[in-house]
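The values are calculated or read from the model by the stated rules, or taken from the named source; none is laboratory data. Just so we're clear, the structure is a prediction, and the values are computed from it rather than from any experiment. Cβ: placed from backbone, ideal geometry, glycine included. Neighbour counts: every protein chain shown.
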Amino acid sequence: MSEYADVEVGGFGGGIAGRVFEPVRVGALRLENRLVMAPMTRNRASADGVPGALMAEYYAQRASAGLIIAEATTPNLVGQTYPNIPGIYTKEQVAGWRQVTDAVHEAGGRLYLQLQHGGRIGHPETTGLHPVAPSPIALPGTIHTPAGSRDTVVPREMTTDEIRRTVEDFAAAARNAIEAGFDGVEVHGANGYLIHQFLSNHTNRRTDEYGGAVVNRIRFALEVVRAVAAEIGPERVGLRIAPGVTANAMQEDDVEAVYPALVGELADEGLAYLHVVFADPGSDLFHRIRALWPAALITNPRLPWPGRLPSDGGRPEIEALLAAGADLVALGRAFLANPDLPARLLAGAPLNAIREEHWYGGTEIGYTDYPVLTGDSAPARLEPALA
Ligand SMILES: Cc1cc2nc3c(=O)[nH]c(=O)nc-3n(C[C@H](O)[C@H](O)[C@H](O)COP(=O)(O)O)c2cc1C
């Protein structure tokens with residue numbers, strides 16, 4: 001069987017141009033290229049949230065990314081979203097992650113860990129605990145649990161004491177991540193999970209200092225980021241946001257007010273980066289955020305979703321974001337299906353087809369078995385580029 005057995009498109013005619021392969025500083029790190037592997041949940045940790053050798057192999061295969069942001073990982077049990085999500089709050093989880101960070105560093109890579117509390121996205125069948133959220137508003141529909149698909153439950157409104165303890169859990173998780181060998185952490189403020197739930201006036205109906213006015217709705221995000229930065233140093237902390245993204249039934253009425261306020265508050269705190277999901281280089285909000293943010297800006301382009309990657313590998317979107325002022329570009333599905341994505345983009349080589357049925361959970365199939373360009377099939381420019 002050919003190395004190209006599951007290639008879906010022809011070459012896209014020449015390698016990527018511009019600043020993609022210029023080194024860039026992110027916090028304390030000097031990265032060799034501006035391609036970031038976006039965080040992707042793959043549900044391959046143990047039932048107790050412990051990463052194993054298979055996860056180490058998967059991430060090490062992708063070490064040629066300028067930076068890997070490892071998948072959403074929970075800072076405590078009640079924050080766990082789905083089955084087989086990794087955690088970073090027990091000794092066993094820290095030891096499991098150590099295998100991953102060692103493997104990636106040995107392969108020459110750099111990696112941050114994404115810290116995610118699910119808030120209302122969780123289920124007692126998964127954690128044995130009732131989910132908590134800013135307000136008692138359920139995620140519509142069903143959620144995957146170890147017992148199968150279940151109706152979501154109405155989360156319990158967090159007390160201010162629980163909010164304080166959750167902030168502490170994020171800080172402790174960040175400390176554990178550094179102990180596990182990560183180069184830093186990304187606070188997950190995107191895609192409808194707990195921090196995003198505080199930002200939105202639809203999921204946050206609180207009447208205390210964490211709800212209502214914009215200054216109150218951004219308070220929890222600020223407290224988490226600041227507590228994490230105080231614990232491990234701001235130069236090892238990034239924040240991911242998703243202004244207006246409707247994942248997980250999110251609705252936001254005032255992104256133009258919320259996100260500039262949040263970004264402006266954090267601008268002078270020496271953080272490593274800000275990471276914007278589905279960034280639109282043509283929008284006013286993109287340019288306002290860029291103008292407000294003095295440090296590295298990672299952007300995740302809006303590629304066709306769901307479905308196949310574009311046949312040009314997303315090259316125009318990558319180049320448009322860098323031209324509009326982004327410093328780095330994060331790619332999810334392209335890295336999932338192409339362990340050697342930077343080399344392929346550099347050479348203009350074709351991309352592997354994505355096997356979506358293996359995204360969430362399972363074995364090495366659809367996880368560590370995506371082919372790389374090797375030997376005669378590798379473009380001549382590959383060797384010097386990776387040396
Ligand atoms: C299988 C899968 C799992 C994902 N898990 C996460 C996650 O854990 N955290 C997160 O912030 N985004 C997650 N995302 C979103 C990606 O980081 C990214 O924003 C999205 O895939 C769009 O980028 P792309 O078009 O390059 O794939 C996930 C996406 C996929 C496909």
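Which residue out of Val329, Val277 is among the β-branched types (Val, Ile, Thr), touching a strand residue (DSSP E or B) at 6+ places or on another chain (Cβ under 8 Å) and under 19 Å from Thr246 (Cα atoms)? Before the answer, list the steps.
Details: Val329 fails: under 19 Å from Thr246 (Cα atoms).
Checking each option against the conditions leaves just Val277.
Here's a check for you: in the range 200-227, which residue that is more than 21 Å from Asp161 (Cβ to Cβ) and touching a residue at least 24 places away in the same chain (Cβ under 8 Å) is farthest from the ligand (Cβ to nearest atom)? Can you show your working first?
Residues of the range 200-227 more than 21 Å from Asp161 (Cβ to Cβ): 200-202, 213-215.
Subsequent filtering for residues that are touching a residue at least 24 places away in the same chain (Cβ under 8 Å) retains 200-202, 214-215.
On the way: Ser200: 16, Asn201: 22, His202: 20, Val214: 23, Val215: 25 Å.
Ranking the candidates gives Val215 first.
Considering Leu309, Leu303, Leu262, which residue is within 23 Å of Val215 (Cβ to Cβ) and of a type outside the set (D, E, K, R)?
Numbers: Leu309 fails: within 23 Å of Val215 (Cβ to Cβ); Leu303 fails: within 23 Å of Val215 (Cβ to Cβ).
The unique qualifying residue is Leu262.
Return the residue satisfying two criteria in turn: it lies in the range 327-354 and is part of a strand (DSSP E or B) and either touching a helix residue (DSSP H, G or I) at 6+ places or on another chain (Cβ under 8 Å) or away from the ligand (no atom under 14 Å from the Cβ) (or both), and of such residues it is nearest to Phe21 (Cα to Cα).
Only one residue tops the list, namely Val329.
Kindly establish whether Val215 is within 21 Å of the chain's Cα centre (by Cα), outside any strand (DSSP E or B) and over 24 Å from Pro342 (Cβ atoms). Don't jump to the end; show me each part of the working.
Details: within 21 Å of the chain's Cα centre (by Cα): no; outside any strand (DSSP E or B): yes; over 24 Å from Pro342 (Cβ atoms): yes.
Answer is no for this residue.
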Residue match in the range 243-262 (condition: in a loop (DSSP other than H, G, I, E, B), of a type outside the set (A, V, I, L, M) and over 21 Å from Thr203 (Cα atoms)): no
Candidate set: the range 282-326, residues that are of a type in the set (Lys, Arg) and within 15 Å of the ligand (Cβ to nearest atom); chosen: the one nearest to Leu262 (Cα to Cα): Arg302
Identity of the residue in the range 273-305, modelled with pLDDT of 95 or more and aromatic (Phe, Trp, Tyr), that ends up surrounded by the most Cβ atoms within 10 Å (Cβ to Cβ): Tyr273
Among residues of the range 49-62, those that are among the aliphatic types (A, V, I, L, M), in contact with a helix residue (DSSP H, G or I) (Cβ under 7 Å, 6 or more places away or on another chain) and more than 14 Å from the ligand (Cβ to nearest atom), counted: 4
Members of the range 136-166 that are farther than 20 Å from Thr246 by Cα and buried (at least 19 other Cβ atoms within 10 Å of the Cβ): Met158, Ile163, Thr166
Yes/no for Asn338 being crowded, with 19+ Cβ neighbours inside 10 Å and modelled with pLDDT of 95 or more: yes
Any hit, the range 139-156, residues being farther than 20 Å from His202 by Cα, away from the ligand (no atom under 16 Å from the Cβ) and assigned to a loop (DSSP other than H, G, I, E, B): yes
Residue match in the range 25-48 (condition: modelled with pLDDT under 95 and either closer than 26 Å to Asp312 by Cβ or within 16 Å of the ligand (Cβ to nearest atom) (or both)): yes
Qualifying residue in the range 250-272 (condition: out of contact with any Lys or Arg (no Cβ under 7 Å at 6 or more places or on another chain), modelled with pLDDT of 95 or more and within 11 Å of the ligand (Cβ to nearest atom)): no
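Identify, please: which residue in the range 63-92 is within 16 Å of the ligand (Cβ to nearest atom) and of a type in the set (Gly, Ala, Ser) and is, among those, nearest to Tyr360 (Cα to Cα)? Break it down into steps so the answer makes sense when it comes.
First, the residues of the range 63-92 that are within 16 Å of the ligand (Cβ to nearest atom): 65-75, 79-88.
If we keep only those that are of a type in the set (Gly, Ala, Ser) too, we end up with 65-66, 70, 72, 79, 87.
Values: Ala65: 22, Gly66: 24, Ala70: 15, Ala72: 13, Gly79: 18, Gly87: 16 Å.
Within the range 63-92, the match that is nearest to Tyr360 (Cα to Cα) is Ala72.
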Inter-residue pairs, beta-carbon under 8 Å, first within 17 Å of Glu71 (Cα to Cα) and in the range 335-346, second in a helix (DSSP H, G or I) and away from the ligand (no atom under 15 Å from the Cβ), 6+ apart: Pro339/Gln61
Hey, Glu357 more than 10 Å from the ligand (Cβ to nearest atom), closer than 21 Å to Val277 by Cα and either without any contact (Cβ under 8 Å) to a residue 60 or more places away in the chain or in a helix (DSSP H, G or I) (or both) or not: no
